[in-house]
1. Go through the residues of segment 346-359 one by one and say whether even a single one is of a type in the set (A, V, I, L, M), exposed (fewer than 15 other Cβ atoms within 10 Å of the Cβ) and in contact with a strand residue (DSSP E or B) (Cβ under 8 Å, 6 or more places away or on another chain).
2. Taking ILE227 as the residue in question, decide whether it is out of contact with any Pro (no Cβ under 8 Å at 6 or more places or on another chain), among the β-branched types (Val, Ile, Thr) and not in a helix (DSSP H, G or I).
3. Counting only residues that are free of Cβ contacts under 8 Å to residues at least 12 places away in the same chain and over 30 Å from ASN203 (Cα atoms), give me the helices (runs of 4 or more DSSP H) lying completely in segment 81-184 with at least 2 of them.
4. Please enumerate the residues belonging to segment 307-321 that are in a loop (DSSP other than H, G, I, E, B), within 12 Å of the chain's Cα centre (by Cα) and small (Gly, Ala, Ser).
5. Would you mind stating whether THR109 is of a type in the set (S, T, N, Q), over 18 Å from TRP170 (Cβ atoms) and surrounded by fewer than 22 Cβ atoms within 10 Å (Cβ to Cβ)?
6. Of the residues that make up segment 326-345, is at least one buried (at least 21 other Cβ atoms within 10 Å of the Cβ), in the same structural domain as TRP67 (by TED's automatic domain parsing), polar (S, T, N, Q) and in contact with a Leu (Cβ under 8 Å, 6 or more places away or on another chain)?
7. What about ASP78, is it under 23 Å from LEU171 (Cα atoms), modelled with pLDDT of 95 or more and of a type in the set (Asp, Glu)?
8. I'd like the residue in segment 250-291 that is touching a Leu at 6+ places or on another chain (Cβ under 9 Å) and of a type in the set (A, V, I, L, M) and, out of all such residues, is surrounded by the most Cβ atoms within 10 Å (Cβ to Cβ).
Amino acid sequence: MKGFIHQKGKEIHDGNGKSILLKGVGFGNWLLPEGYMWKFYDDCDRPRRIENLILDLTGEEYSKRFWKQYFDSYITKDDIEYIKSRGLNSVRLPINARYIMNRDNDKRTLSYKGIEYIDKLLKWCEENEIYVILDMHGAPGGQTGTNIDDSENDSPELFIDNKYRDDLIWLWTELAKRYKDRNIIAGYDLINEPLPEWFNEHNDKVMPMYYDITNAIRQVDKNHMIILEGVHWATDWSIFESLKENTIENCMLQFHKYWDNPDTESIQKFLDKRDELNYPIFMGEGGENNMLLYAGVFHLLDQHNISWNFWSYKKMGTHNSPISFNMPEGWDGIIEYIKGGCSPDNPKEIFNEFLNNIKFENCIINEGVLNHVQRIAPIKIRAIFYDLLNERFQHNSNVNFRAGDKADIRFVDQNGELSFKHDAGQDINDNQRLCLAMHMDEGYKYTFNSNCGRIYIKCMSSSESDLTIKINDKKINCLSIDKEMKVYDVGNAEMGVNLLELSCNKGIVEVELIEIDR
């Protein structure tokens, strides 16, 4: 890679001056283990509690070996090569400050037991031309007062005790000194998701801290992008008002998006800020949902030229992350112990199996996840996730979704309820199903990608005879009817991007789901 990735107005440019979007995955649970990814949830929800659990059950000697093997195995070069093979160009690395910084009274030093894993990742990514975002996910003292920052006292002490503020400035300065010449790093994500709303009395301290950290970094590193997140899970950008006058050069603004509506209206405030402040914007965390939503939300971001990062790349016993690993036999006994039950008879054997399962060669690749994120066939697309419209229709939908389009979007069930929250990847409830009612002479477009081969289009629609389907401007005919699904034989799709068009030639046709099979 030539040169440093950098901001240019509302765009990101690579070292060759070419506009790019960052598209990648987040390495949650590696250098900041999260309890929910271990199926522990509230009872053992953050790194320090997981560490104490393993120490209590297995003793100090085994515990040290466990964590060494864990960090060595959870993310490896194999993972980077897989990410490269999927056409992604970046990873976001969540870091726990406690793992990379030692503090002895007023003396601070980098902890090379943690730094070595950052160094390894950078080397693997350089070999595969994958950008890295360094994400301060667990800041000194904790920036959220919740599980995700490994806070000790459920309080955002970063904003309460100045020693933690000074620690963070020192730590970012040292990281910048160490990595100032590494152009594989896309940017420094200064603080992850600072201050949920119940701690908003500290909101006025965030931007001054951002400025102080940035000024310290710029003393030693003028090359890397500075990435700023809003408060309240990165969704509240009201703190960025000062950027109108006190700008930060080479900067990008970050928001996170999980379970609200995947439509333009839901991100309009971020689009407006992009125009107002002339910065690129980045959806730094999104996922933890089902694949039908992935096909909608990430395509929406692509169409609005927003960089994105999927959370999270790898979890135990899941089907809604790209990589999964099996739950060890006896794991339920560990969970019962956390809840106050008896210690399992063989905790070391259980944890040994866990360590074996997390190795890449023993993991399960959920290909459908990234297929839907990247809209690569085979996929299913909800009809409501059509491409951005160039025109507006004249319907008044009773569904509070894509309201500005004036499309006729309806509930399949007349007693329907709008919800896109499916954080365990569960299916859509019957009363949450939406369909797109196409009126005569109305049409909608859907973009998808193909790796070539014969393509079949299946539409779940109310009428097979009144629907016209074109792909790349070529009309295709209905091949057969399989229950509610109408099957269309496209033939050989083009390599790369394909455009599917649906239109109604008589009356009204309700379309709920489009399935694209190879």
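1. The answer is no; no qualifying residue exists.
2. yes
3. The helices (runs of 4 or more DSSP H) meeting that bar are 112-128.
4. SER312, SER321
5. no
6. No, that holds for no residue.
7. In short, no.
8. For segment 250-291, the residue satisfying everything is MET252.
The values are calculated or read from the model by the stated rules, or taken from the named source; none is laboratory data. Given the structure is predicted, the values throughout are model-derived calculations rather than measurements. Backbone-built Cβ (ideal geometry, glycine too); neighbour counts: all protein chains shown.
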